Structure formats: C-alpha cells, structure tokens
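Below you'll find the structure, written out as structure tokens, and then a few comments.
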Amino acid sequence: MTITIRRLHPHVGGEVSPIDLRQVHDRATLEQLRAGMDEYGVLVFRNQPFTDAEQLAFAQRFDGTLHAKPGAAALGANRFGNDAIADISNVDNDGKILKVNDRKRAYSLGNRLWHTDASFQDPAGRYSTLSARVIPKVNANTEFACMRAAYESLPAATQQKLEGLQVHHTITRSREILGFTFSDEEKNKLKGAIHPMVRTNPRTGRKSLYLASHAARVLGWEVPDGLLFVIELMEHATQRQFVYSHEWRDGDFVIWDNLATMHRATAFDDIAHHRELRRVTTIDLPLPV
Ligand code: OGA
Ligand code: MN
C-alpha cells in the first residue's frame, strides 16, 4: 500500500495517512515507513489500538531486534514481566497513580530531560515506538528536537571539532542530575556505553548530533570541558526552531529515530492525572541487505 505523509514541522515530524499498523506485514510498506523515518525523524499515526503483544510484534517486523535492557530493569522487574516493554506511566503495579515520593516516579521524571533512548547501551536504540494507552485531559506533550538540522546549522569549524569525538553515556548520569541515587549493586549493572558524537545515516548520508542527558564525559577531554561542550550543543539543538511538540490524542502511536532526534516529556500534574503509554525500542544493528 502507498502511504502519504503530511509535514508537521519544518525540520522534524510527519503524520502518516490512515493505516492500521497491526495489519502491515509486507516489506514494501514497511520500507516506505523506514524511508519516512529517514526523511521526518518522527512519524505520527492516529487510531492505533495496539495491545502489548501487537506492539512488540510490529516493532520486530519493522526493524528487527528489540532493546530489552532498559535502565529501569536494574531497579527491579516491571509490571509486564517483559523488559522489552517500557512502562511509560505514572502508575504502580495496581494501576494506582504513584505517590510523590515513590522511587519509580523519581526515576521516570528523568524523561523530562532531553535524551535519546538506550544511548547507554551498545548497540544503542534505533527506533522507539510509543503507544498511547491513557492520555490525560491536561497537556502532557512529548517534544522532539531535530539533531540533523541542529548539526547542519553548526559553523563548519564546530562540525570539524566534533569529528571523531566519543561520548560515554550512562543512565546514572541523567538521574543523578535530578538527585536520584543508585545503590552500588545497581551502579554495577549500569556501566553505560560509548558512542560517537556525530552519526551518519547509512541510507541518506545525513549527519546528526548524537547527545543526551545520559552523556557523562567526552573521551580524552577534561571533565568540565567535555560536559560543558555537550551542554552547549544540547542547548543549541533544542532551540525552538528545531523542536516539534507532540500533543497526544487517544489512539496515537509515534515512532522516532533515536539516532536523529532527542526527546523529552513535558511537565504536567502527574500526582493528579493518570498518563500511561508503552514503549518498545529496537536496537541499531546493521540492516539485512
Ligand atoms: C519515552 C519518553 C516521553 C514522554 O517514552 O522514551 O521519553 O512524554 N517519553 O512520556
Ligand atoms: Mn525516552
């Protein structure tokens, strides 16, 4: 089937014409979606009533291997008994809204910092699929920054400076920024991973900045200099002109390319309003030819 995509923002985000992704199995349509990801970085699909099993199956047939080592797994098992499903919600195992001092809540609030999913793993996360299950009446948008436009707008001298730089990413870093503490045993499971600061999409040749609040140090740089550089680049990349803000509707399903975007949750009164989504992320393995 042929899909069409409506641009939602000058740099990042497109809304795909009506389609039921649960029924999409043919390689040709799936590759049209990949081409859409390469062009838009974020694709929005309306009215997608996924179950967890259907979402897992879709992510696998779309892009292959699932990311099943989320940072949260070091804190304990999730309520689904499957680490490939990330519980993007503010509820406990009984479906009750988490208390203000709950550790799971504190950990989840790290999603309000700009990041990419699974940059603390090797291979890193490639596509994240996020399925809306309970959307509050108040605004609780997800924002996406275009890391390609951010890279392309840098002065040539800065682009030059970035070549070959390697960054250590760890989930402990983004949580510690907010005062969250880990036990030694948890830290042992969360050593992180090293990734280049610039990535090139193998299909389009376009380069993008690869940064996140998980970035803890730039290899070969002094600690303050490396992190300052990362922070300045993240500020550059998240200027309004590079950001698409997604306002969730019931039934929404959003896919983003973690290698070409950063994202963050925005603030809402999470003690008063139930919000529940499920995320399944694939990892950045070479594609079969
Ligand atoms: C995620 C994430 C942001 C949000 O699902 O990976 O960061 O708005 N979500 O919930
Ligand atoms: Mn995320």
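Things to note:
- Near-label residues of the stretch 255-272 by backbone N, under 19 Å of a point 7 Å along Cα→Cβ of R203: 255-262
- For the stretch 74-82, 3J(HN,Hα) computed residue by residue from phi via the Karplus equation (6.51, -1.76, 1.60; θ = phi - 60°) reads 5, 8, x, 5, 8, 6, 9, x, 8 Hz, glycine and proline entered as x.
- The packing ranking of peptides 185-192, 119-126, 202-209, highest mean first, is 119-126, 202-209, 185-192, where packing means the average number of other beta carbon atoms within 10 angstrom of each residue.
- Spread over its residues, the convex hull of the C-alpha atoms of the stretch 220-283 is 159 Å³ per residue.
- The stretch 66-131: projected area of the alpha-carbon convex hull, averaged over directions, in nm²: 4.8
- Spin-label model distance (nm) - F80 vs Q166, 7 Å beyond Cα toward Cβ: 3.3
- Going from the fewest other Cβ atoms within 10 Å to the most, the residues F253, F268, F144 appear in the order F268, F253, F144.
- Label-reachable residues, the stretch 97-126, where backbone N falls under 14 Å from a point 7 Å from K189's Cα toward its Cβ: 104
- Listed residues T29, T181, T158, most fluctuating in the chain (Gaussian network, C-alpha, under 10 Å): T158
- Convex hull volume of the Cα atoms of the stretch 182-289, normalised per residue: 203 Å³.
- Contour excess over end-to-end distance, with Cα ends at R249 and L178 and 0.36 nm allotted per residue: 22.7 nm
- When all alpha carbon pairs of the chain are counted in 5 Å bins from zero, the resulting P(r) reads 1, 5, 12, 17, 19, 18, 14, 9, 4, 1, 0 %.
- Choice from H263, H214, H246 with maximal GNM fluctuation in the chain (Cα, 10 Å cutoff): H246
- Each residue of the stretch 36-43 was assigned a 3J(HN,Hα) from its phi angle through the Karplus expression (A = 6.51, B = -1.76, C = 1.60, θ = phi - 60°), giving x, 4, 5, 7, 9, x, 9, 10 Hz with x at Gly and Pro.
- Note on T65 and A156: the model spin-label points, each 7 Å out from Cα along the C-beta direction, lie 3.9 nm apart.
- Residues of the stretch 143-179 with an amide N closer than 11 Å to a point placed 7 Å from the Cα of W221 along the Cα-to-Cβ direction: 161-163, 165-168.
- Helices in the chain, meaning DSSP H runs of at least 4 residues, each add -39500 (n - 2.57). Divided by all residues, the mean residue ellipticity at 222 nm is -7000 deg cm²/dmol.
- Span from the the stretch 137-178 Cα centroid across to the the stretch 237-289 one, whole angstrom: 14
- Scoring 99-112, 166-179 by mean Cβ neighbours within 10 Å over their residues and listing the highest first yields 166-179, 99-112.
- Taken about its Cα centre, the chain carries a charge dipole of roughly 100 debye when the Cβ of each Lys and Arg holds +1 and the Cβ of each Asp and Glu holds -1.
- For A124, the amide hydrogen comes within under 5 Å of the amide hydrogens of D284, counting only partners 5 or more places away or on other chains and with H modelled in the peptide plane.
No lab work stands behind these numbers, since they all come straight from the coordinates. Note that the structure is predicted; figures quoted are calculated from it, not measured. Glycine also receives a Cβ, built like all others from the backbone with ideal geometry; neighbour counts cover every protein chain displayed.
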